[in-house]
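Values quoted throughout were computed directly from the atomic coordinates according to the rules given, and no laboratory measurement underlies them. Quick caveat, the model's predicted, so the values are computed rather than measured. With ideal geometry, Cβ positions are generated from the backbone for all residues, glycine too; neighbour counts draw on all protein chains shown.
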Amino acid sequence: MCMPMTGRRLTSLLAYATTAATGASLLTGCGVLPGATGGSREPVTVMTWAPDQTRATNMPGMPAMAQTFARWVNSQGGIDGHELRVLTCNEHNTGTGAAACARRAVRENAVAVVGSYSQNGRAFMAPLEAAGIPYIGGYGISEDEFTSPLSYPVNGGQASLIAGHGMQLAESCRTVSLVRPDTLAGDKLPELLNSGLRTARHRGAVDIPAVEDAAEYTAQADRAREKAGDEDGCVTAVLGERTQTFFDSFRRLPEEGEGGSDGKRDAVRISSVLGSVGQPVIDRTGGARSPFEGAFVTGWYPESSDKSWAPMRKVIQEHAFADNRVDPADAGVQTTWIAYTVLKEVVEALGSDRVTATKIAHALDRGARIDTGGLTPALRWKYEDLLGAPSFPRIVNREVTFQVVRQGRLVAQKPGFVDVGETVLSAP
């Protein structure tokens, strides 16, 4: 069982590490990243969780980025003199797993959960709320992240991505087929997409639910292609990690017509959103020869080559130690960097010898303003900053980016951010 690492215990362990080759494993074997800062202020303990090695979406880069961030700040004396301790947890893509991670955060006196991924908001928010622990910069995949008063999202979640994606597709697509998870979260996606399509008086998308962890999607791919048609038709899939599997099934569909020569499949344009398609997926599937070449993609943040990511890339280069889970082009890694940027700025603003969950939440509620270096608009969670959409009242960042895959790279389709706040508000 992992025990809290006091200053005295940490000192003795570090002394042991200088004389024993196994010392490093003792320091990190519990999924905690300690670092001596030399200051007298109390350590700040936080948790980052994400699913790993499951049949559905996996996000191992998020806890890995959290550990990388901790190594960086601790090498510089910690956050305002506080050693940053990062607990990590695998929530297994299950409600039981998410609740277990939340209970562990409570048990180990975490002052915040930062930069995490879970679809099981109801399971993890209740234990956090009962203990008063803020949830900072979750991935934005669960509705509870945008309703709980203790959640401080750094992006507009799936709601802004899907609504924005509808706006992006409305400019180029005559008919849209949407393939999405047959889950409670997935049930909300059609109306959000349609709210974006309606900005150009576009008719609604054809809704095609699919099992989230299927091994192949031939039936759904065939229906999506048929409904999209061959005149400016678009097929968009939002299936997380299984999006690649869907488009592999789509690519393998036989071309229609005698001899398979009418090219109907190639006449349909494909699209998705960040998190379901990103630069790592494009690289893995062939780069410029990837099936995603030419695809429309809606993101939360600037493209991964944008200069605003330079500080994160430098930290990864110097402190990730060749950990290939920490991909700077991965949306989960990017979200975790931004979330820990929020934590760092808030702790520094407190200027306190002891940091608590209550102090962090109060600072955020009272209007702490966070500059993310151009990766998002300035973030603030005062009441007047909240979007107030019925299902997503906690959205404060209502901007997205329109991107497209060209020569195997995700690049900006149009410069800057696009405000989707009114579009999200218009969704039923």
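Using +1 at the Cβ of each Lys and Arg and -1 at the Cβ of each Asp and Glu in the chain, identify which of THR358, GLY408, ALA64 lies farthest towards the dipole's positive end.
So the residue we want is THR358.
Match the structure shown to one of the listed values (1) 1.04; (2) 1.00; (3) 0.97 of Rg/Rh (Cα atoms, Kirkwood Rh), computed from it, and give that label.
The calculated read-out lines up with (2).
Loop-only check: which chymotrypsin sites (Phe, Trp or Tyr not before Pro) in the stretch 277-331 are DSSP coil with at most 12 other Cβ within 10 angstrom?
Details: sites: PHE292, PHE296, TRP300, TRP309, PHE321; in loops: PHE292, TRP300, PHE321.
Counting only loop positions with at most 12 other Cβ atoms within 10 Å, the chymotrypsin sites (Phe, Trp or Tyr not before Pro) in the stretch 277-331 are PHE321.
Divide by every residue of the chain the summed helix terms, -39500 (n - 2.57) for each DSSP H run of at least 4, and state the resulting mean residue ellipticity at 222 nm, rounded to the nearest 500 deg cm²/dmol. The partial results should precede the final answer.
Values: 16 runs with 158 residues, N = 428.
Rounded to the nearest 500, it is -11000 deg cm²/dmol.
Tell me, what HN-Hα J-couplings in whole Hz come from the Karplus equation 6.51 cos²θ - 1.76 cosθ + 1.60 at θ = phi - 60° for each residue of the stretch 40-51, using x for Gly and Pro?
Karplus values, whole Hz, x for Gly and Pro: 9, 6, 5, x, 10, 9, 10, 10, 10, 10, 5, x.
Of all the stretches in the chain, which is the longest one without any exposed loop site, taking GluC sites (Glu not before Pro) in a DSSP loop (any state but H, G, I, E, B) with at most 14 other Cβ atoms within 10 Å? Present the calculation step by step, with values, prior to reporting the outcome.
Values: sites that count: GLU171, GLU216, GLU231, GLU255.
The reported range is 256-428.
Let's test the formula: R0 of 35 Å, r as the Cβ-Cβ distance of THR199 and ALA349. What FRET efficiency results, to the nearest 0.05? Intermediate results must be reported in sequence, preceding the final value.
On the way: r = 38 Å, r/R0 = 1.09.
Computed FRET efficiency for THR199 and ALA349: 0.35.
Could you give me the ³J(HN,Hα) list for the stretch 286-295, computed from phi with Karplus coefficients 6.51, -1.76, 1.60 and θ = phi - 60°, whole Hz, x at Gly and Pro?
Result, rounded to whole Hz: x, x, 5, 9, 5, x, 8, 4, x, 6.
Could you pull the Cα extents of the stretch 225-347 along its three principal axes, largest to smallest, in whole Å?
Largest first, the stretch 225-347 extends 65, 27, 23 Å along its Cα principal axes.
What is the packing order of peptides 195-208, 403-416, taking the mean over residues of other C-beta atoms within 10 Å and listing the highest first? Don't skip to the answer; put the middle values down first.
On the way: 195-208: 18.6, 403-416: 16.4.
Packing proxy ranking, top to bottom: 195-208, 403-416.
Pick out, in residue order, every one of the trypsin sites (Lys or Arg not before Pro) in the stretch 41-92 that is DSSP loop and has at most 15 other C-beta atoms within 10 Å; say none if there are none.
Values: sites: ARG41, ARG55, ARG71, ARG85; in loops: ARG41, ARG55.
Those satisfying the criteria are ARG55.
Distance between the C-alpha centers of the stretch 64-100 and the stretch 131-171? Whole Å please.
When both Cα centres are located, 21 Å separates them.
What are the residues whose amide H is under 5 Å from the amide H of SER151, where those residues sit 5 or more places off or on another chain and H is modelled from the backbone?
Correct list: TYR135.
If the limit is 30 Å between Cα atoms, which of LYS307/LYS344; LYS188/LYS227; LYS188/LYS314; LYS188/LYS344; LYS227/LYS414 go over it? Working shown, then result.
Details: LYS307/LYS344 21 Å; LYS188/LYS227 20 Å; LYS188/LYS314 38 Å; LYS188/LYS344 34 Å; LYS227/LYS414 28 Å.
With Cα atoms farther than 30 Å apart: LYS188/LYS314; LYS188/LYS344.
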